[in-house]
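Remarks on the structure that follows.
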Amino acid sequence: MTHDTERKQVTLDDAVAAVRDDDAPAGAAESAAARVWERIAPRSADLASTQTIRGCHDVRGLLDARRKNALPPARALLVDDHLRDCPRCRAALAGERRLSLLPWRPGATTESAPPPRRVPRYAVAASILLVAGLSLWALRREGAAPAGSRAAVQSVTGALQLVAAQRTVALAPGQEVGEAEAVRTARDSRAVLRLRDGSLVEMSERAEIAVTAKGADTTIHLARGSIIVRAARRRTGHLRVASGDCNVEVTGTVFSVNHGLKGSRVSVIEGQVRVAGGGGEAVLAPGEQWATSAAVGRVPVQSEIAWSGEADRYLALLGELNVLGERWRQVRRPELRYESRLLRLLPEETVIFASLPNYGEALGDAHRLFDERLHESAVLRDLWAEADPARHGGPSLAGVIEKVRAVADHLGDEVVLAVVDDRAGRRVVPLVLAEVRRPGLRELLESTLADAGAAREPAVRIVGESLANTAGRADVFVLLRSDLMVMGVDEPALRALSARIEAGAGGLDGTPFGERIAQAYGEGAGLLFAADLERITRARTTGEAQEALHRSGLDGLRSFILERKDVADKAHTQAVLSFLGAPRGIPSWLAAPAPMGALDFVSPSAQAVTAFVVKSPAHIFDDVVEMASSGDGAARKYLQELESKLDVRLRAD
């Protein structure tokens, strides 16, 4: 085996030496060079025979030959490369109108640049004033830091230290903390700070915060540890808590924030807080919790605030709010309505119809449950003593609900808001209607208005069926019949409605729009909104506006109906948009129902979400250009110029 290896090594060395020492025959290199030159000489001649291409001007001189495929391959390659980058030369190649060169492109020296556009002096002055105004508005909005301290120490259990300039200073109750000064609690210590607006911040052990203010806003910067904030109610500005990875914005609430190395956790005890961070945001209600990352985890709210000296009070308050929530969920809601007499009383010219159930009984029951719990719970009484509007000079909640309940008891199962298109007067008239089911409504309204002082200022005038006593000024007229109440701001409209009812004239139920509303009632109605889009677009627009609606396709809309109702303790919401024939223009952009993946990114706490499935962007782009053209082609011409300047093709790119 060793012998074979040595023999292979000798053979390889001999081969390398032979190649190294070998000399090519005389004339071999010259012969190879001649063969190579023979192959590349034609292309080299083509390149030598052409001129240098310096820009669009040179390329356009070759376009005629390019159309005839008469250019040498090398020259054709250069021209094609230029055409891919230059829309003007592409247009020239396609036989379109010749466009002037852009001043910044190569070759532009052969054509004059457009003259500079003069800016009027008043435009310069207006721009300066606009910039100055926006700057002042921004400064005012941001606001300067107010003078004085940011917080005062209310109580300390253990040790509280002011951390500044590599030193610590012990703080005692009554001492103040300035702008952005960091305060820290020691081990087994707690402290309570009172902010300038009256809010209280309770700090757990080894917690560190700093308070800053700008304008009417106050921010608590939580560096570490856990705090509980009892936010005071504000008329201006916001109270925020910033922990580095989340921001909490509140007013008049009680909540806790715990911040550590793994993230932050927010827990709500009373009211609502808006929190954002960790790539999402949410609105939290009492008893709810939110964390910036899964590593933080969730714990019971009771455990989160167990360190507080007010833990028992907070837990009792949280329990009371949960009890109230459970009781309010048991309040009987109004039943679904399967017909409406008011639909027959409204005129055919009605363009908007909105109906809601009579919530008087449900409102009274909810207040009764609240009042019962208020007498049972000392914690709830203390909370209500701070929040009661009567304490701050406002009206009594019980008095307001009692008056609303009394009026609602005299009315039927629903209240309707209608908007009538008065074609004779070229205006729209709003009306509020409700059936009257008990006598004595007039006396009740007059007594209520007298208590409110409305008798001295005739803002509301109550009139009878004949409308004979409507003389005098009033902001709102109330027409009272034995079976109907109608409120409106226009006396002639009430007079016309009363005459129509007396004559037994046909109403809204006899129109196609009314039939669609009646169909919604047939399936059970809760909250109902309907708009006659056909009549609105036809009656309220003329001339150019009507032409613009036609181009956009909006004159092909028929009606819009939105419903919301509770079925088996679940809310169902549905919106139906109907058309006159096949949709065109903007309405045609809506595609057939399909899965919408974007909904996966919507917060579960969102109060309202709107999403659409639309057709291709190219289809929408063509429609927009067609609508903007208005028949004269100006929009298309402007679009071509814009694409030339931007060097893009909007539809294709």
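Here are the numbers:
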quantity: Index of the failed condition, Arg224 passing every other in (1) within 28 Å of Val296 (Cα to Cα); (2) open to solvent by 10 Å² or more (accessible area, probe 1.4 Å); (3) modelled with pLDDT of 90 or more; (4) in contact with a Lys or Arg (Cβ under 6 Å, 6 or more places away or on another chain); calculated: (4)
quantity: Enumeration of residues in the range 197-216 that are in contact with a strand residue (DSSP E or B) (Cβ under 7 Å, 6 or more places away or on another chain) and either of a type in the set (Gly, Ala, Ser) or modelled with pLDDT under 90 (or both); calculated: Asp197, Ser199, Ser204, Ala207, Ala210
quantity: Matching option when the condition is touching a Leu at 6+ places or on another chain (Cβ under 6 Å), modelled with pLDDT of 70 or more, outside any helix (DSSP H, G or I) and among the β-branched types (Val, Ile, Thr), among Val428, Val432, Val419; calculated: Val432
quantity: Members of the range 587-601 found to be open to solvent by 60 Å² or more (accessible area, probe 1.4 Å) and either under 30 Å from Arg535 (Cα atoms) or assigned to a loop (DSSP other than H, G, I, E, B) (or both), listed by number; calculated: Leu590, Ala592, Pro593, Pro595, Met596
quantity: Hey, Arg196 of a type in the set (Lys, Arg), touching a Gly at 6+ places or on another chain (Cβ under 9 Å) and open to solvent by 40 Å² or more (accessible area, probe 1.4 Å) or not; calculated: yes
quantity: Verdict on Arg649 being open to solvent by 80 Å² or more (accessible area, probe 1.4 Å), closer than 23 Å to Ala91 by Cα and part of a loop (DSSP other than H, G, I, E, B); calculated: yes
quantity: Among the candidates Val351, Val301, Val323, residue that is over 30 Å from Ser226 (Cα atoms) and not basic (Lys, Arg); calculated: Val351
quantity: Failed condition for Ala568, given (1) hydrophobic (A, V, I, L, M, F, W, C); (2) surrounded by 11 or more Cβ atoms within 10 Å (Cβ to Cβ); (3) under 30 Å from Trp290 (Cβ atoms); (4) over 23 Å from the mean Cα position of the chain (by Cα); calculated: (2)
quantity: Pair list, Cβ under 9 Å, 6 or more apart: the range 153-169 residue over 9 Å from Thr185 (Cα atoms) and modelled with pLDDT under 85, other residue open to solvent by 40 Å² or more (accessible area, probe 1.4 Å) and not in a strand (DSSP E or B); calculated: Ala164/Glu181
quantity: Any chance Ala608 is modelled with pLDDT of 80 or more, within 30 Å of Ala354 (Cβ to Cβ) and under 22 Å from the mean Cα position of the chain (by Cα); calculated: no
quantity: Single unsatisfied condition, Ile620 versus (1) among the β-branched types (Val, Ile, Thr); (2) open to solvent by less than 50 Å² (accessible area, probe 1.4 Å); (3) closer than 28 Å to Pro512 by Cβ; (4) more than 22 Å from the chain's Cα centre (by Cα); calculated: (3)
quantity: Hits in the range 327-342 (condition: within 13 Å of Glu414 (Cβ to Cβ) and either under 34 Å from the mean Cα position of the chain (by Cα) or surrounded by 20 or more Cβ atoms within 10 Å (Cβ to Cβ) (or both)); calculated: Pro334, Glu335, Leu336, Arg337, Ser340, Leu342
quantity: Long-range neighbours under 6 Å by Cβ, at least six apart or interchain, first residue closer than 23 Å to Leu343 by Cβ within the range 354-370, second open to solvent by less than 20 Å² (accessible area, probe 1.4 Å) and part of a helix (DSSP H, G or I); calculated: Asn358/Ala408; Gly360/Ala408
quantity: Condition broken by Glu534, with the remaining ones in (1) part of a helix (DSSP H, G or I); (2) of a type outside the set (Gly, Ala, Ser); (3) exposed (fewer than 13 other Cβ atoms within 10 Å of the Cβ); (4) modelled with pLDDT of 85 or more satisfied; calculated: (3)
quantity: Search result, residues across the range 343-390 that are under 30 Å from Glu534 (Cβ atoms), open to solvent by 50 Å² or more (accessible area, probe 1.4 Å) and in contact with a helix residue (DSSP H, G or I) (Cβ under 8 Å, 6 or more places away or on another chain); calculated: Arg344, Glu348
quantity: Residue among Ala191, Ala159, Ala151 that alone is touching a strand residue (DSSP E or B) at 6+ places or on another chain (Cβ under 7 Å) and closer than 17 Å to Ala242 by Cβ; calculated: Ala151
quantity: Residue pairs meeting the criteria (Cβ under 8 Å; at least 6 apart or on separate chains; first over 10 Å from Gln272 (Cα atoms), in the range 283-301; second among the small types (Gly, Ala, Ser) and surrounded by fewer than 20 Cβ atoms within 10 Å (Cβ to Cβ)); calculated: Trp290/Ala282; Ala291/Gly278; Ala291/Gly297; Thr292/Gly278; Ser293/Gly278; Val296/Gly260; Val301/Gly287
quantity: Where a residue in the range 492-510 is in contact (Cβ under 8 Å) with a residue 24 or more places away in the chain and over 18 Å from Phe477 (Cα atoms) and its partner, wherever it lies, is small (Gly, Ala, Ser) and surrounded by 13 or more Cβ atoms within 10 Å (Cβ to Cβ), with Cβ under 9 Å and at least six apart; calculated: Gly507/Gly514; Leu508/Ala418; Leu508/Gly514; Asp509/Ser340; Asp509/Ala518
quantity: Strands (runs of 3 or more DSSP E) wholly inside the range 236-326 that include at least 3 residues being open to solvent by less than 10 Å² (accessible area, probe 1.4 Å); calculated: 246-250, 254-260, 263-270
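The values are calculated or read from the model by the stated rules, or taken from the named source; none is laboratory data. Keep in mind that this is a model prediction, so the values were computed, not measured. Here Cβ is always computed from backbone atoms with ideal geometry, including for glycine, and neighbour counts include all displayed protein chains. Heads up: the accessible areas ignore ligands, DNA and RNA and are worked out on the full protein's heavy atoms, side chains in. Shrake-Rupley method; radii C 1.70, N 1.55, O 1.52, S 1.80 Å.
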